[in-house]
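Chemist: Structure provided below as structure tokens; questions to follow.
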Amino acid sequence: MPSVFLSPSTQEFNLYPTGNSEEYYMNLIVDAMEPYLTASGITFTRNNPELTVGGSVRLSNAGDYNAHLALHSNASPAELAGQIQGTDVYFYQGSAEGEALAQLIAANLRNIYPHAELVNVVPNRTLYELIHVEAPTVLVELAYHDNPEDAQWIVDNIDPIAKALALSLTQYFGIPFVLPNTVQRGRVDTEGFDIFLRNRPTFSAVNAGIVPNGADVIITGESGEWYVMNYHGQIGYIPKMYITLL
């Protein structure tokens, strides 16, 4: 199954007019993303607020991730403080994968940001995280935290933003977007044979692991006639007809 490194801002000194900081709200968004990613079968690792951007980059490069997503909010130059609004979705110029993910994120954010015409996709070759991360990388400046309307939009839309970002990742990876369910336990019941975990909800998909008959699994979501499940850290899809709920 696909994996993503989540890199919310570690800039606790960028304060919002509503109180709290860029770091605080970006981490709230990542918190809200986690159930959507888990339900959809996307594994993830995230940085922590004690890291610098360099530390986040090194942690990302130490793993084998299919994408890297950095989340920030923006600030205007001092002479324009509070006057600029909008969303900028940056990707490394020349990266087809980065541009594809950036375009998906921008399209989904346009559905929830109140000024859709101000959501921009921006190629870039100067931002540190874009330059140095090995996985396809997108850095999102969600809105301007020094603009009261933009800051309030972030504060009031933590879950819609998280959902839009998670949806974008599922579209990028080509897997179904699955809404989180209450986590359930199940048991594989195949009448004797082991069964493959698939990385997509189809029998023609790549095998993501093998689960023995009689094994207990954790069900995190469902897509049509398939469950998304976790078996000892292996995540994938199994047909519902082979699972008995416990």
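A short reminder: the numbers here are calculations on the coordinates, not readings from a lab. Only a predicted model underlies this, so the values are computations on that prediction, with no experimental measurement involved. Note: ideal-geometry Cβ built from the backbone for every residue, glycine included; neighbour counts use all protein chains shown.
Chemist: Counting each DSSP H run of 4 or more residues in the chain as -39500 (n - 2.57), what helix-only mean residue ellipticity at 222 nm follows after dividing by all residues, to the nearest 500 deg cm²/dmol?
Modeler: The helix-only estimate for the chain comes to -9000 deg cm²/dmol at 222 nm.
Chemist: Expressed as a whole percent, how much of the Cα-Cα distance distribution for segment 1-98 exceeds 17 Å?
Modeler: 59 percent
Chemist: Which distance in Å, rounded to a whole number, links the C-alpha centroids of segment 82-115 and segment 160-188?
Modeler: Centre-to-centre distance over Cα atoms comes out at 21 Å.
Chemist: Taking only C-alpha pairs under 8 Å that are 6+ residues apart, what is the relative contact order of segment 206-246 in percent?
Modeler: 31 percent
Chemist: Relative contact order (percent) for segment 110-246, with alpha-carbon contacts under 8 angstrom and 6 or more residues of separation?
Modeler: Rounded, it is 18 percent for segment 110-246.
Chemist: Using the number of other C-beta atoms within 10 angstrom as an exposure proxy, rank Glu23, Glu12 with the fewest first.
Modeler: The order, fewest Cβ neighbours first, is Glu12, Glu23.
Chemist: Fewest to most neighbouring Cβ within 10 Å: what's the order for Met33, Met241, Met1?
Modeler: Met241, Met1, Met33
Chemist: Take peptides 34-41, 155-162, 112-119 and line them up by average Cβ neighbours within 10 Å, highest first, as a rough protection proxy.
Modeler: 34-41, 155-162, 112-119
Chemist: Just want to confirm a number: the relative contact order over segment 3-173, from Cα pairs under 8 angstrom separated by 6+ residues, in percent.
Modeler: 31 percent
Chemist: Another one. At most 16 other Cβ atoms within 10 Å and a DSSP loop assignment: could you name the GluC sites (Glu not before Pro) in segment 166-241 that fit?
Modeler: Glu191, Glu225
Chemist: Here is a further query. Can you give me the Kirkwood hydrodynamic radius for segment 123-177, using every pair of distinct Cα atoms, in Å to one decimal?
Modeler: The answer is 13.3 Å.
Chemist: Another question, then. Taking the Cα centre of segment 3-173 as the origin, how large is its charge dipole in debye, to the nearest 20, when only Lys and Arg (+1) and Asp and Glu (-1) carry charge on their Cβ atoms?
Modeler: 380 debye
Chemist: Rg(Cα) of segment 184-245 divided by 2.2 N^0.38 Å?
Modeler: Output field value: 0.94.
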